[in-house]
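Written out below as structure tokens is the structure these notes cover.
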Amino acid sequence: MTQKKPAKARRSGWQIYRPALALGGLSLLGLGLALLGDGLYDLASWVILGATLASMPYFWNRPS
Amino acid sequence: MASSPRSLRIWSWLHTWSGLACTGFLLLLCLTGLPLIFHQEIDALTRAPQRTQGQALEHRAANAPDLDAMVRSALDTRPGWKPMFLLWDDERPLINLVIAPSLHAQESEVQILPFDARSGARLTAPPSNEGVMAFLLDLHSSLLLGPLGTYFLALIGLLFALCLVSGVVVYAPFMRHLAFGSIRKRRSARIKWLDGHNMVGMVTLGWLGVVTLSGILLTLAGPIQTYWKQTELADMVRAYKGQGAVEQPVSANAVHAEIRRTLPDARIAFIAWPDGPASTAHHFMVALSGDTPLTSHTIEAALVDARSGRLTRVLQSPWYLKALFLSIPLHFGDYASLPLKIIWALFDLAAILLLGTGLYLWGTKRARRTRRTLPATPHARIAPT
């Protein structure tokens, strides 16, 4: 008897778009914070936008 | 989103062709935009040292140089030319005087002359609308084609916005069984780069959306300004109905003094001469920027009667003008020091990667299709397997 591969779970639209929405929201927050103020606002903006950018090499290097 | 196979096909077609139609131009915009992010640093390195020394003045009315002497000295070298704007530099103690053969001259005809904002002395630095950075800005904002090029880029921006929206729609079917950001490296190169394209697209979507929308708004700056003049300034123009053009407007010093008297805390961003692109035929327009980080990017218009030199009215900017002003920092990323500029440049490189992978995916798909539709050649039939 051949062993059946377990079917991968089908993801809902919300599950698919949730991380993208979160990252998009973070980007907008980072862009907006630097406009709203200086000092800590700028720092928060750099951290948020930098983290968004850093997620790309993270996803690329994550074991598939 | 794309609920049926037919609608998915339509969205997929829209994504492919809207992307392909604008990819070449977007690559050019990304490449020219990269040095423009660092224009202040590049200017500091490449231009005369006077331009970068000292802190910007607080633009308060006090301690202003003799503006009329600046205008006179500029016009002495260009008889018959007109002054259009006096622009206070945001970051350095500089005032740029814009002169042109006429008040309705094209951007390419104007000359921008820098002066020391403390002494009023003419600086020997090259004008800021000449040189490599000015060329890159012109290429980036109009493809060197003037207003026509700018409107064409608005179309490119709209196409890219469509590409982004359709990309979001067609993203879901690929990700039904995959975790966010999955890269299937053990599959074919095409699958790997498809996953990479999807991941980079989704991570940069917020930034791309903001830069695209702000870019579209900036390409429409001319029509927006004209609309503002025809609506917000219409009442003021009506009050002067029947009066001819002002032959001898009051001096720039008088306008400056009036602002100093009536609005002593105002930060002057620029003064525009009457009948020019930013004012009415009967007023000087003095642009006042706010003193908070947010309002420093927007302006209020103080209108000074060109005959009497009296402040007539201070106009709040309508929402669309505020959106236009905020589009400048949000497009060029130069509003939160060097770290944000570096982040902006990295996003820009990610956008280039997105465009490149998009082209690669289209190319490989096309090549596969061509291979499938080609009849097997005799050579292929006898080829060893």
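Name the pairs: first residue in segment B:67-81 and farther than 19 Å from B:Ser102 by Cβ, second residue open to solvent by less than 40 Å² (accessible area, probe 1.4 Å) and part of a loop (DSSP other than H, G, I, E, B), Cβ to Cβ under 8 Å, at least 6 apart or on different chains?
B:Leu67/B:Gly120; B:Ala69/B:Gly120; B:Met70/B:Gly120
Give the number of residues within segment B:185-205 that are facing chain A (nearest Cβ under 7 Å) and open to solvent by 60 Å² or more (accessible area, probe 1.4 Å).
Of the residues in that region, 2 qualify.
Sort out which residues of segment B:103-120 are on the phi < 0 side of the Ramachandran plot and open to solvent by less than 50 Å² (accessible area, probe 1.4 Å), and write them in order of number.
Narrowing segment B:103-120 to residues on the phi < 0 side of the Ramachandran plot: B:103-119.
The answer is B:Leu103, B:Ala105, B:Val110, B:Gln111, B:Ile112, B:Leu113, B:Pro114, B:Phe115, B:Asp116, B:Ala117.
So which residues in segment A:41-64 are closer than 17 Å to A:Leu26 by Cα, facing chain B (nearest Cβ under 9 Å) and over 10 Å from the mean Cα position of the chain (by Cα)?
Those that are closer than 17 Å to A:Leu26 by Cα, facing chain B (nearest Cβ under 9 Å) and over 10 Å from the mean Cα position of the chain (by Cα): A:Tyr41, A:Asp42, A:Leu43, A:Ser45, A:Trp46, A:Leu49, A:Gly50, A:Tyr58.
If a residue must be modelled with pLDDT under 90 and open to solvent by 20 Å² or more (accessible area, probe 1.4 Å), how many such residues does segment B:90-102 contain?
First pass over segment B:90-102, keeping only residues modelled with pLDDT under 90: B:90-94, B:102.
Keeping just the survivors that are open to solvent by 20 Å² or more (accessible area, probe 1.4 Å) gives B:90-92, B:102.
Qualifying residue count for the region: 4.
Restricting to segment B:295-348, and then to whatever is farther than 30 Å from B:Gln248 by Cβ and among the acidic types (Asp, Glu), can you tell me which residue is modelled with the highest pLDDT?
Among those residues, the one meeting the criterion is B:Asp348.
Being more than 7 Å from every other protein chain (Cβ to nearest Cβ) and surrounded by 20 or more Cβ atoms within 10 Å (Cβ to Cβ) is the filter here, so list the residues in segment A:29-40 that pass it. Steps first, answer last, please.
In the first step, residues of segment A:29-40 are kept if they are more than 7 Å from every other protein chain (Cβ to nearest Cβ); the result is A:29-30, A:32-33, A:39-40.
Selection gives A:Gly30, A:Leu33.
Among the residues of segment A:1-28 satisfying the criterion of being open to solvent by 90 Å² or more (accessible area, probe 1.4 Å) and either hydroxyl-bearing (Ser, Thr, Tyr) or modelled with pLDDT of 90 or more (or both), which is nearest to B:Phe332 (Cα to Cα)? Step through it out loud before you land on a result.
Filtering segment A:1-28 down to residues open to solvent by 90 Å² or more (accessible area, probe 1.4 Å) leaves A:1-8, A:10, A:14, A:18, A:21, A:28.
With either hydroxyl-bearing (Ser, Thr, Tyr) or modelled with pLDDT of 90 or more (or both) added as a condition, the list becomes A:2, A:18, A:21, A:28.
On the way: A:Thr2: 59, A:Arg18: 28, A:Leu21: 24, A:Leu28: 15 Å.
So the residue we want is A:Leu28.
Would you confirm, using the coordinates I've provided, whether B:Ser308 is open to solvent by 40 Å² or more (accessible area, probe 1.4 Å), within 14 Å of chain A (Cβ to nearest Cβ) and of a type in the set (S, T, N, Q)? Step through it out loud before you land on a result.
On the way: open to solvent by 40 Å² or more (accessible area, probe 1.4 Å): yes; within 14 Å of chain A (Cβ to nearest Cβ): no; of a type in the set (S, T, N, Q): yes.
No.
Scanning for something among the hydroxyl-bearing types (Ser, Thr, Tyr) and under 32 Å from the mean Cα position of the chain (by Cα), does segment B:166-182 turn up at least one residue?
yes
The values are calculated or read from the model by the stated rules, or taken from the named source; none is laboratory data. Predicted, not measured: the structure shown is a model, and the values here were computed from it. Neighbour counts are summed over all protein chains in view; Cβ atoms, including those assigned to glycine, are modelled from backbone coordinates with ideal geometry. Protein only, heavy atoms only, side chains kept; ligands, DNA and RNA dropped before computing areas. Shrake-Rupley method; radii C 1.70, N 1.55, O 1.52, S 1.80 Å.
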